[in-house]
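Data block below; observations after.
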Amino acid sequence: MSTTAPTAPAANGVMTPAGDPVVAGLVVTGEAVALELRPANVAQRLMSGVVDLAIYAAVSFALLLGLSRLIENTAHFSILMVVVTVTMMVALPTTVESLTRGLSAGKLAVGIRVVRDDGGPVRFRHALVRAMLGVVEIWLTFGGLAVVVAIINKRSKRLGDLLAGTYAIRVRGAEDALAPLLMPPDLAAWAEVADIRRLPDQLALYARLFLSRTAMMNPPVREQRARLFAASMEPYVSPPPPWGTNPERFIAAVLVARRDREYRSAVAEEERAAERAERTRRLPYEIPDAS
């Protein structure tokens, strides 16, 4: 076990003594929920945009036909064209993304979604900024400007995303099932009697994700990160594990022990609540139990 001083989690959701990330693509929300968000690529965004533009154009054409009977002169026609154009370019995209929190027909078709940079759902102001910038980079340049900017940006952001603080993520096929954690047999006896306090939510999340990705890490980086996570957990554990314990096995033992204890505690609380409810049901109304 390393005696290295614990390193606090950074804002981007990793242990960063040297500034290099442990988990690529990890976004931690304000509620300390870790999300694995993979940016959509330019091709996905392009296909999504083509579908959306076709639908918005069709809706606008139908609106134009429906209101054409109100046209009596060229002034009315000019007003109608302005209304339809604004509806197609700004109102429809803003309304759809606001109500669906970043979805649209095109995005559903290709399996992507627009989210904030922190992983949260987009709001009205984000959708409005994206739509207004889209007038220039999508409609006026036939999507050329948006494609060029998306190719340059590592998250495939267009100008509207850069200004609104959003980006598109892959939803379909982006979920990676985590292998279940098991108690290391050589630490089972120690974990049974050890006093393990509740771990900070972020530390537990990062450690769990680290263990799920150790096979993809370079050995030196893997060893360094394992020691950092283990050192961060040591203050919450008493007594410490046996001397010479592998840091990764120590991390797994702590996480499994806390998980099992919290589960048993929750089950016991549910049983007590059910027992209290049953006793209350059997009692006469507003007559206290004589015992």
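Read-outs throughout are calculated quantities, based only on the coordinates presented, and are distinct from any laboratory measurement. None of the values given here were measured: they were computed from a predicted structure. Here Cβ is always computed from backbone atoms with ideal geometry, including for glycine, and neighbour counts include all displayed protein chains.
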- request: Provide the per-residue ³J(HN,Hα) series for the stretch 114-127, in order, calculated from phi with Karplus coefficients 6.51, -1.76, 1.60 and θ = phi - 60°, each as a whole number of Hz, with x at glycine and proline positions.
  value: 8, 10, 6, 4, 8, x, x, x, 6, 10, 4, 5, 5, 5
message: Cα atoms only: what Rg and Dmax, in Å, come out for the stretch 38-170?
response: 15.4, 52
message: Among A54, A105, S68, whose Cα projects farthest towards the positive end of the dipole of the stretch 38-170, with charges put on the beta-carbon of Lys, Arg (+1) and Asp, Glu (-1)?
response: A105
message: On the principal axes of its Cα set, how long, how wide and how thick is the stretch 94-162? Give whole Å, largest value first.
response: 27, 23, 23
- request: Give, rounded to the nearest 20 debye, the magnitude of the charge dipole that the stretch 73-176 has about its Cα centre when Lys and Arg contribute +1 at Cβ and Asp and Glu contribute -1 at Cβ.
  value: 140 debye
query: Measuring from label point to label point, each 7 Å out along Cα→Cβ, what is the A273 to A105 span in nm?
result: 4.4 nm
query: Expressed in whole Å with the largest first, what are the equivalent ellipsoid semi-axes of the stretch 151-231 derived from the C-alpha gyration tensor as the square root of 5 times each eigenvalue?
result: 36, 15, 14
message: Give me the net charge for the shell around R264: Cβ to Cβ below 14 angstrom, other residues only, Lys and Arg +1, Asp and Glu -1.
response: -2
- line: Once amide hydrogens are built 1.01 Å from N within the peptide plane, the residues lying 5 or more places from V171 or on another chain with amide H under 5 Å from its amide H are I112, R113
task: Pop out the ³J(HN,Hα) list for the stretch 196-207 in order, Karplus 6.51 cos²θ - 1.76 cosθ + 1.60 with θ = phi - 60°, rounded to Hz; leave Gly and Pro as x.
output: 10, 6, 4, 7, x, 4, 5, 4, 5, 5, 5, 5
Inter-label distance, nm, simple model (7 Å from Cα along the C-beta direction), R123/D260: 4.5 nm
- request: Convert each backbone phi in the stretch 99-105 into a coupling constant with the Karplus relation 6.51 cos²θ - 1.76 cosθ + 1.60 (shift: θ = phi - 60°), then list the ³J(HN,Hα) values in order as whole Hz, x for Gly and Pro.
  value: 6, 9, 6, x, 9, 6, 4
field: Per-selection metrics, the stretch 201-291 (Cα): Rg and Dmax in Å
entry: 21.5, 69
